[in-house]
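The values are calculated or read from the model by the stated rules, or taken from the named source; none is laboratory data. Note that the coordinates shown come from a computational prediction; the quantities given were computed from them, not determined experimentally. Here the Cβ is made from the backbone with ideal geometry for all residues, glycine too, and neighbour counts use every protein chain on show. These accessible areas exclude ligands, DNA and RNA; they are computed on the full protein's heavy atoms, side chains included. Shrake-Rupley method; radii C 1.70, N 1.55, O 1.52, S 1.80 Å.
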Amino acid sequence: AQKVTQAQTEISVVEKEDVTLDCVYETRDTTYYLFWYKQPPSGELVFLIRRNSFDEQNEISGRYSWNFQKSTSSFNFTITASQVVDSAVYFCALSIYNQGGKLIFGQGTELSVKP
Amino acid sequence: GAGVSQTPSNKVTEKGKYVELRCDPISGHTALYWYRQSLGQGPEFLIYFQGTGAADDSGLPNDRFFAVRPEGSVSTLKIQRTERGDSAVYLCASSSFNEGGNTGELFFGEGSRLTVL
């Protein structure tokens, strides 16, 4: 069975601090995809990143960066110099190859960035 | 519109009633997904369509839940004899297929909030 665990339920930081959101996944499949989505108060899930299981290169996009480590089954997300607009619930998700793109979500981490 | 559209945005009903929730996916997207999100939880998979057919309905909780997508575009999630435990936000997403038959990014709608009194 597949599972995604986001152990941090809530995180609160002050603006300009760096923050890392943890994600640990479980699967016996060798080909899979990992995702991060952002859910602002409006409720619509916004795609942030998709990585496949064969690409462990870290990725940076502006203030966002992702660290994928298969050895520890982790796919952590770091926001550098956080801003108030980063306040949202962030979800990590797993999709198994050839299962139709069905996403298995973690419980989410609510990030609050205070001015 | 350009995004996934869901109606109604809010639905309040009484226990035992029948409810329909509608999803209009992004034009040209062949894959359509329904998820349910309870307060403080991540979205939970319900059913996935590829074209008109339900390719995976393993997430439907029981036979009170049913979904259709008769023309391969708009989908309707139907809930019979609603129960208080069905109260949640029902999210719809669509996607286009890419390499190897797998999908990439799922585009989500804003959801339909169902409250069963």
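For segment B:65-84, the criterion of a residue being over 23 Å from A:Gly100 (Cβ atoms) and buried (at least 18 other Cβ atoms within 10 Å of the Cβ) is satisfied by at least one position. Of B:Phe49, B:Phe65, which residue is out of contact with any Phe, Trp or Tyr (no Cβ under 6 Å at 6 or more places or on another chain) and more than 14 Å from every other protein chain (Cβ to nearest Cβ)? Answer to the check: B:Phe65. Scanning segment A:41-75 for residues that are within 14 Å of chain B (Cβ to nearest Cβ) and over 14 Å from the mean Cα position of the chain (by Cα), which turns out least open to solvent (accessible area, probe 1.4 Å)? Selected residue: A:Ser53.
What number of residues within segment B:9-38 satisfy the criterion of being more than 14 Å from chain A (Cβ to nearest Cβ) and either closer than 22 Å to B:Glu83 by Cβ or hydrophobic (A, V, I, L, M, F, W, C) (or both)?
Number satisfying all stated conditions: 12.
Just one of (1) more than 9 Å from every other protein chain (Cβ to nearest Cβ); (2) open to solvent by 70 Å² or more (accessible area, probe 1.4 Å) fails for B:Gln41. It is (1). Pairs are defined by a Cβ separation below 9 Å, a sequence spacing of at least 6 or placement on different chains, a first member in segment A:58-80 that is without any contact (Cβ under 8 Å) to a residue 12 or more places away in the chain and within 23 Å of A:Thr31 (Cα to Cα), and a second member that is of a type in the set (Lys, Arg) and in a strand (DSSP E or B); the pairs so defined are A:Glu59/A:Arg51. Quickly run through segment B:44-64 and pick out the residues that are of a type outside the set (Gly, Ala, Ser) and open to solvent by less than 30 Å² (accessible area, probe 1.4 Å). Matches in segment B:44-64: B:Phe45, B:Leu46, B:Ile47, B:Tyr48, B:Phe49, B:Arg64.
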